[in-house]
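Working notes for the structure below.
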Amino acid sequence: MPAHFEIHVADPVRARTFYSGLFGWSFEPMPGAEEIAYHLISGPGLDAGLTGGMMQRMGEAPASGTPVRGCTLTFEVADCDDRYAWALANGGAEALPPTDYPGIGRAAYVEDGEGNIVGFLAPEKGEP
């Protein structure tokens, strides 16, 4: 079970706007980490069991459209298609369109405009 994740970005302001809109996350500068522009992430889906951070990328970003690079995390959402459409309308790019996975749910991946891929999943609802 992951405990913490980090998102590496070239443009922290743009990336905070993207993830705030996509998942409703908030960002708070971490004291003592100003030189790397590190922000702690809080909000829906994150708690003491899973924490997140965003930091200034320490080199060149991977080229857009290249194969998956690094770790890809998938977060639960209520509506996969809604979040996918929001991401594409707000600087994201298609990595894997919304797809149904029987017994699991509907999932998609997008590029975040910073060289990262993020996934989201609307779990399949059980029978009433």
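Which members of segment 119-128 meet the condition of being touching a Gly at 6+ places or on another chain (Cβ under 9 Å) and open to solvent by less than 30 Å² (accessible area, probe 1.4 Å)?
Answer for segment 119-128, where residues must be touching a Gly at 6+ places or on another chain (Cβ under 9 Å) and open to solvent by less than 30 Å² (accessible area, probe 1.4 Å): just 122.
Looking at residue 92, is it in contact (Cβ under 8 Å) with a residue 24 or more places away in the chain and of a type outside the set (A, V, I, L, M, F, W, C)?
yes
Check every one of the strands (runs of 3 or more DSSP E) wholly within segment 1-44 and list those with 1 or more residues that are of a type in the set (D, E, K, R) and touching a strand residue (DSSP E or B) at 6+ places or on another chain (Cβ under 9 Å).
Values: elements: 4-9, 26-29, 39-42.
Output list reads 4-9, 26-29.
It is to be established whether one or more residues within segment 72-91 are in a loop (DSSP other than H, G, I, E, B), modelled with pLDDT of 90 or more, of a type in the set (Asp, Glu) and open to solvent by 50 Å² or more (accessible area, probe 1.4 Å).
Yes, the conditions are met somewhere in segment 72-91.
If a residue must be crowded, with 18+ Cβ neighbours inside 10 Å and in a strand (DSSP E or B), how many such residues does segment 99-118 contain?
Total meeting the criteria: 8.
What about residue 94, is it in a loop (DSSP other than H, G, I, E, B) and either surrounded by fewer than 16 Cβ atoms within 10 Å (Cβ to Cβ) or of a type in the set (S, T, N, Q) (or both)? Walk me through how you get there before you give the answer.
Numbers: in a loop (DSSP other than H, G, I, E, B): no; either surrounded by fewer than 16 Cβ atoms within 10 Å (Cβ to Cβ) or of a type in the set (S, T, N, Q) (or both): yes.
It is false that residue 94 is in a loop (DSSP other than H, G, I, E, B) and either surrounded by fewer than 16 Cβ atoms within 10 Å (Cβ to Cβ) or of a type in the set (S, T, N, Q) (or both).
Would you mind finding the one in 40, 46 that is in contact with an Asp or Glu (Cβ under 6 Å, 6 or more places away or on another chain), within 20 Å of residue 112 (Cα to Cα) and either open to solvent by 20 Å² or more (accessible area, probe 1.4 Å) or at pLDDT 95 or above (or both)?
Numbers: 46 fails: in contact with an Asp or Glu (Cβ under 6 Å, 6 or more places away or on another chain).
None of the other options fit; the residue is 40.
The values are calculated or read from the model by the stated rules, or taken from the named source; none is laboratory data. Quantities reported herein were computed from a predicted structural model and do not represent experimental measurements. Using ideal geometry, Cβ is built from the backbone for each residue, glycine included, and neighbour counts are taken over all protein chains shown. Each accessible area value is taken on the protein alone, full model and side chains, heavy atoms only, with ligands, DNA and RNA left out. Shrake-Rupley method; radii C 1.70, N 1.55, O 1.52, S 1.80 Å.
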